[in-house]
Each structure stands twice: as structure tokens, then as C-alpha cells.
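Accompanying notes for the structure given below.
Only the coordinates and a few stated rules stand behind these numbers; no lab work does. What you see is a predicted model; the values in this text were computed from it and never measured. Note: ideal-geometry Cβ built from the backbone for every residue, glycine included; neighbour counts use all protein chains shown.
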Amino acid sequence: MDIYAQNILDHYKHPRHKEPLPAADATERGSNASCGDDLMVALQFSGQKIKALSFQGHGCAISQAAISILTEALVGKTKNAVLAMDFKTIQSLLGVPISERRYKCAMLGLSTIQKAIKKAKA
């Protein structure tokens, strides 16, 4: 459990792919008012696969670590595979139990990415 907590802190302090993504095919803003989390995701696609993914924003350690981990884990995945992901996926990637109070924090990145994909498909 400790190694997972360290991983969350590492992603929070040193987020991956927290930068603008030029020529994004889809963008979406997400927020969690209860915690003050706010982010903007940007995606590039190659056919049905995610080619690149980045984010900008701020928030609590769980929301920022989750989106940072997702930027690494989702590249190369198909749009449909990402749309099928759920809370169990996030818990697995984070590696720690997520309380009901932190559910929205943990899910913010994934739900925002899924909204961006749905808009791009429409």
C-alpha cells in the first residue's frame, strides 16, 4: 500500500503530460466543486486510438495523480476501450482504496476524457 501512496504523491508533485497539446482533436473541461479540482484535457487521435493525451489544471492529490496516471495509461488505447472504463479501472491504476468522499476526485480525469471522446465521435 505504501508504494502506491508514494506513486500518487510522485504523480501529484511531478505530473506527467501536464502541458498544452498543440493540434488537439478534442478538448474538454471538467471540475469538481466540492474539492476545487479543475482540469482541461486535450486528446489527439490516430484512427480509433488515442495518440496523445495531456492536461492542465489544479486540484487535490487524488485528482491530479489520477489524471497524470491516465495520461500515461491511455495512450494507444482505443476510444471504445476508454469509454468502457469505470471506477474499478481508476482504483486499479491508483492502487489504493478510494473513499466515497474522494470518488469524484478520482473519477474527474476519466469522466472528462470520456466526455471529450464522446464529443469527438459525434
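Structural remarks
- Residues located in segment 1-39, provided they are free of Cβ contacts under 8 Å to residues at least 40 places away in the same chain and in a strand (DSSP E or B): ASP38
- Any hit, segment 56-64, residues being touching a residue at least 60 places away in the same chain (Cβ under 8 Å), surrounded by fewer than 23 Cβ atoms within 10 Å (Cβ to Cβ) and more than 12 Å from the chain's Cα centre (by Cα): no
- Filtered by the rule that a residue be buried (at least 21 other Cβ atoms within 10 Å of the Cβ) and either under 13 Å from LYS18 (Cβ atoms) or in contact with a helix residue (DSSP H, G or I) (Cβ under 6 Å, 6 or more places away or on another chain) (or both), segment 33-53 gives ASP37, LEU39, VAL41, ALA42, LEU43, LEU53.
- Residues being in contact with a Leu (Cβ under 8 Å, 6 or more places away or on another chain) and at positive phi - total across segment 16-74: 3
- Hits in segment 108-122 - residues which are of a type in the set (A, V, I, L, M, F, W, C) and either closer than 13 Å to ILE50 by Cα or in contact with a Gly (Cβ under 9 Å, 6 or more places away or on another chain) (or both): LEU108, ILE113, ALA116, ILE117, ALA120
- Restricting SER68, SER46 to those that are within 9 Å of the chain's Cα centre (by Cα) and among the small types (Gly, Ala, Ser) reduces the list to SER68.
- Scanning segment 65-98 for residues that are of a type outside the set (Val, Ile, Thr) and touching a residue at least 40 places away in the same chain (Cβ under 8 Å), we see that the one that is nearest to ILE8 (Cα to Cα) is ALA65.
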